[in-house]
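The values are calculated or read from the model by the stated rules, or taken from the named source; none is laboratory data. All values derive from a computational prediction rather than experimental measurement. Here the Cβ is made from the backbone with ideal geometry for all residues, glycine too, and neighbour counts use every protein chain on show.
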Amino acid sequence: MVASSVLGFPRIGANREVKKAVEAYWAGKLSEADLQKSAADVRKASWTKVQAKGVTHIPSGEFSLYDHVLDHSASFNVIPKRYQGLGLSPLDVYFAMGRGRQSEGVDVPASEMKKWFDSNYHFVVPEFSEETDFKLVFNKAVVEYKEAKELGIETRPVILGPVSFLALGKAAKEASADFKPISLLSKLLPLYKTLLTDLKAAGAEWVQIDEPILVLDTAAPLEKEFATAYAELSPVAPKIVLATYFARLDSNVDFVAKLPIAGLHIDVNREPAQLEPVVAAIKSTNIVLSLGVVSGRNIWKNDFAASISLAGKAIEALGAERVIVATSSSLLHTPVTLDSEHKLTAEQKDWFSFALEKAGEVATIASVLSGSQDAAISSALEANKVSIAKRRDFEKTSNDAVRKRVAAITPDMLERKSPFSVREQVQAKHLKLPKFPTTTIGSFPQTKEIRQARAKLGKGEITVEEYDEFIKKEIETVVRFQEKIGLDLLVHGEPERNDMVQYFGEKFDGFVFTQNGWVQSYGSRYVRPPIVVSDVSRPAPITVQWSAYAQSLTKLPMKGMLTGPVTILNWSFPRADVSRELQSKQLALALRDEVIDLETAGINAIQVDEPAIREGLPLRRADWDGYLKWAVDSFKLSTAGLQDQTQAHSHFCYSDFDDIFPSIQRLDADVISIEASKADLKLLNTFKNYGYSNSIGPGVYDIHSPRVPGAQEIKDRLKAMLEVLPGSLLVVNPDCGLKTRGWKETEASLVNLVEGARWARENF
Ligand code: GLN
Ligand code: ZN
């Protein structure tokens, strides 16, 4: 019998119950008991539905009210000092760590968040020091395992493994300079032993221990730590299935195969080529292989025939008893169910599988591989064949003009007409910006009125003409405001955009949208990624009317704003039938037309935002060059059609550029703005050390909080920056767009920013 498993399930609930309950609790409108009740209801619904699909290994314990890594930290008492002794309940300490807290005399910022591997999910980074006092304050895995058991559902608890937990964490401020979190392993293991002993006593047959760092290059030196940890844990634990995902084990499999584990999960959806080496490495052991064939990262219906053939190879080598058919990773990165989609056409709906449908897929594939003669299984197999064939037919309907255009891209299309040293002079004459020019990143406050107008348009309560009039008024307000406070390079404020990716997706051909395809980004923040389904093109100009209108209102230069090709792709569900490179280039060509149209309409500076370029970087270093080549080329393709006189800007939210700096340089943007107010000036030193010569706008204040920076603070920041970089390179701007801010703090902050820039002009 071939078993099936799901590595984790979305937490939001089919109707966003958990998100709503968590936010109501924060607003003081729901009690803790009611919050826990609605969380338990969602867990029950998920377990019941996944079980009904026929999955053998159903996950438990991975549910979270905010973030599973934060849950893990809180359970082990890994609570930074600043959150202790505030007189808060454990739940409020937990939320304070996740999102900060400012109330009744308590004022603590949130912990740092980081991107979860190469996904758009953020986890709360655990902080460790020599003083970390591990205590198993809450055995979440046992509690939720028992909760399911009481409902008559046998589950496979999921926990984050000890090595990944420590390796994903950082040294707390109070730790000594040479402290490494991994040094705490021997202190941590006894608690894992207790946790796992309790799980076994509660009746769990299996436990899924996630060690996702095993797909990183940085795991190789941790061989000894893995050996120690699992030698200690396995004698007391239920049968351990060690889970890895998102990339390949590579040579780490050599030591993983020697660990005393009962099962190993690998992602063969992303990395089918690792099947063979992994099978070879574990063949002579008793390790069961869990094969992640159904993607946990995208929403395309699985091709059963392909999965069956892949899993068949494993079965041939290891036997059916040693193979589990699984999702490639947790389904956290996919929406809950297609049943909530009522606007997709029947044809489109047939292309996709969301979390619940994916649970059905692993169960069906496992049944087929087990030789099931069940009529329902044969008809599911047949239906899948038909669906996949239809999709393949659809995939053949390419947009020939777009394909030809991509094939005809020549190297000269990636380069501006003249080098920056020439462009700089032409632009100085053309734009007439002062030294230390001031600008913003694009968006201004997205007020309730703006969101209401958009909602009314959506419901047909106002006409397109009325909506456009409303947007024009908003633009005029933003333009007059910038003139009044004395900014130099203006923006129109982006009031027409619901989201920087969705807005463009809706205007391009080749995308479809969901109504309820919510995917967790962090905490209670969920996004609805658009889906790329076919070749992408731009049927008509998108932003030109708005930027041109804004420019018509003022003599000052107006900057146009677009979202870059790599970011649109990274924050969408991409097609699986063609390469990401092809999709990115198609987007780049569509944006190139928009960029040139903006220029023709009299816009003299155009910003193409690429905040997601770093996040899309492959997890294995060996794969970086290939990605960076097409990612940077895509950006260049979108901007290089400009005349010398037009300034090409790009914007990145905080990114660790150190290791990819040559690629940042190769973008050859005239101006690049980066989030820099919270970081030390290390990043600017990198620019300096590489001899970067184009203009840079390191953010002078943090826009993520309503706090207003004083004028002196901005001057101090500029002064510190000027110690690293020559003033001729500096542009003065905030860290990022202002859409999440209110007008009051926006005005106060920007007034101070302008004062800071004027001071710099006089003194440097
Ligand atoms: N232009 C966008 C804005 O200002 C950039 C947002 C981002 O970088 N995340 O909102
Ligand atoms: Zn940004």
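Brief remarks on what is shown
- Qualifying residue in the range 554-571 (condition: out of contact with any Ser or Thr (no Cβ under 9 Å at 6 or more places or on another chain), more than 18 Å from Arg297 (Cα to Cα) and free of Cβ contacts under 8 Å to residues at least 24 places away in the same chain): yes
- In the range 598-629, residue surrounded by the most Cβ atoms within 10 Å (Cβ to Cβ) [restricted to those that are assigned to a helix (DSSP H, G or I) and over 25 Å from the mean Cα position of the chain (by Cα)]: Leu598
- Ser638 vs. criteria more than 23 Å from Met113 (Cβ to Cβ), buried (at least 23 other Cβ atoms within 10 Å of the Cβ) and out of contact with any Ser or Thr (no Cβ under 9 Å at 6 or more places or on another chain): yes
- Flag for Asp92 being within 26 Å of the chain's Cα centre (by Cα), acidic (Asp, Glu), over 30 Å from Ile613 (Cα atoms) and part of a helix (DSSP H, G or I): yes
- Scope the range 390-429; condition surrounded by 11 or more Cβ atoms within 10 Å (Cβ to Cβ) and hydrophobic (A, V, I, L, M, F, W, C); matching residues: Phe394, Val402, Val406, Ile409, Met413, Leu414, Phe420, Val422, Val426, Ala428
- Applying the set (1) of a type in the set (A, V, I, L, M); (2) surrounded by fewer than 19 Cβ atoms within 10 Å (Cβ to Cβ); (3) more than 30 Å from Val268 (Cβ to Cβ) to Ala39 leaves exactly one unmet item: (2).
- Selection count where residues are crowded, with 22+ Cβ neighbours inside 10 Å and over 20 Å from Arg758 (Cα atoms), scope the range 430-444: 3
- Residues of the range 694-709 that are at pLDDT 95 or above and either surrounded by fewer than 16 Cβ atoms within 10 Å (Cβ to Cβ) or on the phi > 0 side of the Ramachandran plot (or both): none at all.
- Within the range 488-501, residues that are under 8 Å from Lys559 (Cα atoms) and in contact (Cβ under 8 Å) with a residue 12 or more places away in the chain reach partners that are in a loop (DSSP other than H, G, I, E, B) and within 16 Å of ligand 2 (Cβ to nearest atom) with beta carbons closer than 7 Å, at six or more positions or on different chains, in the pairs Val491/Thr440; Val491/Gly442.
- Subset of the range 647-656 [within 15 Å of ligand 1 (Cβ to nearest atom) and either of a type in the set (Asp, Glu) or under 19 Å from the mean Cα position of the chain (by Cα) (or both)]: His651, Phe652, Cys653, Tyr654, Ser655
- Residue in the range 726-745 that is within 28 Å of Tyr690 (Cα to Cα), at pLDDT below 95, touching a Gly at 6+ places or on another chain (Cβ under 6 Å) and within 16 Å of ligand 1 (Cβ to nearest atom) present: yes
- Residue within the range 397-413 that is in contact (Cβ under 8 Å) with a residue 12 or more places away in the chain and part of a strand (DSSP E or B) present: no
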